[in-house]
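The values are calculated or read from the model by the stated rules, or taken from the named source; none is laboratory data. Keep in mind the model is a prediction, meaning the values are calculated, not measured. Note that we place each Cβ from the backbone using ideal geometry, even for glycine, and neighbour counts take in every protein chain shown. Heads up: the accessible areas ignore ligands, DNA and RNA and are worked out on the full protein's heavy atoms, side chains in. Shrake-Rupley method; radii C 1.70, N 1.55, O 1.52, S 1.80 Å.
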Amino acid sequence: MKYKSIYILSLAMALTATGCSDFLDKKPLSSGTDAIFFQNAEQFRQASYSLYKFEGWKDNQSKAQPTYYKMDQGLDISGLNSNGGGAASENDWRWDRVYGFIRECNILLEKAAGYKGAQSEIASSVGVAHFFRAWHHFALLQRFGGVPIADKVMDVDSPELYGARSSRYEVADFIIKDLRQAIEELPMERNISSSDKGTISKEGAQAFLARVLLHEATWEKYVPSIDYDLDGDGSSKGAGVVKPSDYPSVNDMLTEARDLSKKVIQEAETGTFALWNECDSLSYYYLFNIDDKGGNISNFMSAGKTTNKEFILSAKYDYDVNRGGINLAHTIATNQGTNISAIFAESFLCRNGLPIRISYTGNMEDAQNNPQFAGYDSFYGEFRNRDYRFIGCADLPDRTSWRSTQDYGTPCTVKGQPYPTPVYPEATYNPNDPAFSSKNAIYTPVISGGTHNTYGCRKFNPEGAARANQTESPDFPILRLAEVYLIYAEAVCELGNGEISDADLEFSINKNRKRAGVAPLTNALIANVWDAGYWDHAQNKTVCKKMTMLDEIRRERACELFGEGFRENDLKRWGIAHINLTGQKLGRRILNTAYMTGIANDATYHGQLSYDPSVRPLTYGIYMGTGESDPDYGRSIANLAANLLYSQRDYLAPIPQDQMRLNPALKQNPGW
């Protein structure tokens, strides 16, 4: 069965190759919607194909930038570098280019209003235009807050081009109404013909509207607590606080988000959508690198793209027709994609559904290791009995990974083998040891300086031998069923003032946990349990915190969606971005661990201690705290507070200065 995915259409490319899906075979417009006469339904459908402007492996400038904002680089979950303190930019393509995309949507909608045939003939095309107009306005809203609403085709003389910004509430209202209209016009996934598979469905619009509603509801609930006026007065700064008369309340938005996500989940239960589970305990990891065209072995089960019904919306790639066009294998192998910070790694649960350190009294003095947590006495212990999303994606010390590029590993050419055959160095040093030239050698971990903060991450790693650099072509996830489960659970919990029933948990996020090998979340499981390994970003230390349902749902969201571009917006809408992204952060544990006794067996450090600060010092040293009883004793210092300047003003990006000169009615966001 074909799965739903969206191909990024290039207006300059003619898709004439054979052997690809029907939607990939659609011929894009040569010069955009302006070149279409809009005389019949087929011309409207052709025009709608040009509106598919999802960002995938390349951004909307067609540049290969998979890192940072799209893979959650430089954040609390991936490892903080430096942030904040910058000046307003001269220009920003996320402003002007996005408005260009909106103009194309408006052209189609304007032509549809004058269509002489039956409106039902062009309903799906009109629905696509409403969807993408909302999609692009939401991108503007998340980045800039209130912006000018573009609801019509404008030229250089249109007075709207020189008007003030609409408030974020007016923009959100516009997006919500556009998406409601799209839902009415778009077909259900099950009713989309085989020739149109890959186009936007009703469920895709429902799921996206649920995302928008949850974002805005929680923004309005939590962001006022950051003690900073991001709206401004609209006349001297910001976009103001005007709300439409029928603007929904926070509870109204949460309720609609719950109801919409429920509809998508119920449709999934009929078989339309499903979590991808084709590779046993490695299903989560392999979900993101399915690329089987031409016999490429992208996973050990040889499961191809046709098995993936989890991606409700995706940017579609094809080895023959539309390759990814970035050096993905290099990006992932060198940890320039996503990463897993020490703080984030310790938040992944054990398989019994509880944290690695727990307390039943709330006192750190009597905290204990989770019975399933194997500790740090060996290099491998902390990975045992843990969430499959962690151990499947982290770089593990006892195995190597297939890599499609020979620069960093061995490309996979065999089925049925999830990892390469390991090669072990000889016990006695031999300069000619063949292990030293093998990409699959297993070495004792060594700290070679730096901050020792991250675990590496192979999420999105291409494995197959049939993919040279720049040709890797897995689809890029835009909206997955797993996210819909998360939206439902969070909306229900917010509506319940922090409470959610076991039935609602089973209906939603426990499905994600099941794939991850983690016990179901229930009210009984976390009753009277404290997380004694909880990193408190406000105090920047490990504390003992009572487990709550809202915290667990947020934890689940981070563990499921990491590296997919959600994290910063999640931190902002919860009102904690300026907390989580500042202050001194600590890295991995070193003292009283295997690093103190391990002996290197690689060619470079052979015979040396795994951690020898006299030879290989850490950038910021070791945190000693109050001594060995301190829960953070012996960790590396990952970053200093002086490097992390993210503040409340950074919840919104600055309006580009060139746009403010073109339109003096635009007022800058507060603080810029």
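What to note about this one:
- Helical contribution to [θ] at 222 nm, DSSP H n ≥ 4, -39,500 (n - 2.57), averaged over the chain, rounded to 500: -8500 deg cm²/dmol
- Förster radius 25 Å - calculated FRET efficiency between Glu506 and Asn528 (Cβ-Cβ, nearest 0.05): 0.70
- For the range 393-516: relative contact order, % (alpha-carbon pairs under 8 angstrom, 6 or more apart): 26 percent
- Label-point gap, in nm, between Thr626 and Ala113 - each point 7 angstrom along Cα→Cβ: 6.7 nm
- Normalising the average separation of contacting C-alpha pairs (under 8 angstrom, six or more residues apart) by the number of residues puts the relative contact order of the range 578-672 at 30 percent.
- Evaluated over the Cα positions of the range 530-672, the convex hull gives a direction-averaged projected area, one quarter of its surface, of 13.4 nm².
- Amide H contacts under 5 Å for Ala441: Val423, restricted to partners 5 or more places along the chain or on a different chain, H placed in the peptide plane at 1.01 Å from N.
- In nm, spacing of pseudo-spin labels at Asp536 and Ser236 (7 Å Cα→C-beta vector): 3.9 nm
- Cross-link pairs Lys177/Lys572; Lys70/Lys293; Lys415/Lys511; Lys221/Lys309; Lys177/Lys197; Lys116/Lys263 - those with Cα-Cα distance over 30 Å: Lys221/Lys309; Lys116/Lys263
- Of Tyr488, Tyr99, the order by accessible heavy-atom surface (1.4 Å probe, DNA, RNA and ligands excluded), from most exposed downward, is Tyr99, Tyr488.
- When both bridge partners sit in the chain, DSSP labels roughly 80% of those beta bridges antiparallel.
- Taking all Cα pairs closer than 8 Å and separated by 6 or more residues, the relative contact order of the chain comes to 20 percent.
- Rotationally averaged projected area of the range 452-528 (alpha carbon convex hull; nm²): 8.8 nm²
- Magnitude of the charge dipole, the chain, Cβ model with Lys/Arg +1 and Asp/Glu -1, debye to 20: 820 debye
- Computed E for Gln406/Trp93 - FRET, C-beta separation, R0 30 angstrom, nearest 0.05: 0.30
- The Cα-based radius of gyration of the range 474-600, divided by its Kirkwood radius, gives an Rg/Rh of 1.01.
- Annotation: amide H-H contacts under 5 Å for Gly238 (H modelled 1.01 Å from N, sequence separation of 5 or more, or interchain): Gln668, Asn669.
- From most to least packed by mean Cβ count within 10 Å, the peptides 166-172, 607-613, 621-627 give 166-172, 607-613, 621-627.
- Efficiency of FRET from Cβ geometry, Ser158 and Tyr429, R₀ 60 Å, rounded to 0.05: 0.20
- The 3J(HN,Hα) values that the Karplus relation (6.51, -1.76, 1.60; θ = phi - 60°) gives for the range 598-614 are, in residue order, x, 10, 5, 10, 8, 5, 7, 10, 3, x, 7, 5, 4, 10, 9, x, 6 Hz. Gly and Pro appear as x.
- Across the range 237-246, coupling constants 3J(HN,Hα) worked out from phi with the 6.51/-1.76/1.60 Karplus curve, θ = phi - 60°, read 7, x, 10, x, 10, 4, 10, x, 4, 9 Hz, and Gly and Pro carry x.
- The Rg/Rh ratio for the range 550-604, using Cα coordinates for both the radius of gyration and the Kirkwood hydrodynamic radius, is 1.19.
- Phi-based couplings in Hz for the range 276-283 (Karplus 6.51, -1.76, 1.60; Gly and Pro marked x): 7, 9, 8, 10, 6, 6, 9, 4
- As a rough guide to protection, the peptides 323-336, 363-376, 259-272 ranked by mean Cβ packing within 10 Å, highest first, stand as 323-336, 259-272, 363-376.
- Dipole in debye (nearest 20) - the range 253-402, about Cα centre, beta carbon charges: Lys, Arg +1; Asp, Glu -1: 260 debye
- Label point of Ile599 set 7 angstrom out along Cα-Cβ; within the range 415-454, amide nitrogens under 12 Å from it belong to 427-429.
- Only protein heavy atoms count here; under a 1.4 Å probe, Lys221 has an accessible surface of about 90 Å².
- With 5 Å bins from 0: P(r) over the range 67-176, alpha-carbon pairs, percent: 2, 10, 16, 19, 17, 13, 10, 6, 4, 2, 1, 0
- Projected area averaged over orientations for the range 65-129, convex hull of C-alpha atoms, nm²: 7.3 nm²
- For the range 142-205, the Cβ-based charge dipole about the Cα centre amounts to some 300 debye (Lys, Arg positive; Asp, Glu negative; other atoms uncharged).
- Positive-end ranking of Thr593, Ala641, Trp672 along the dipole of the range 544-672, with charges on Cβ about the Cα centre, is headed by Trp672.
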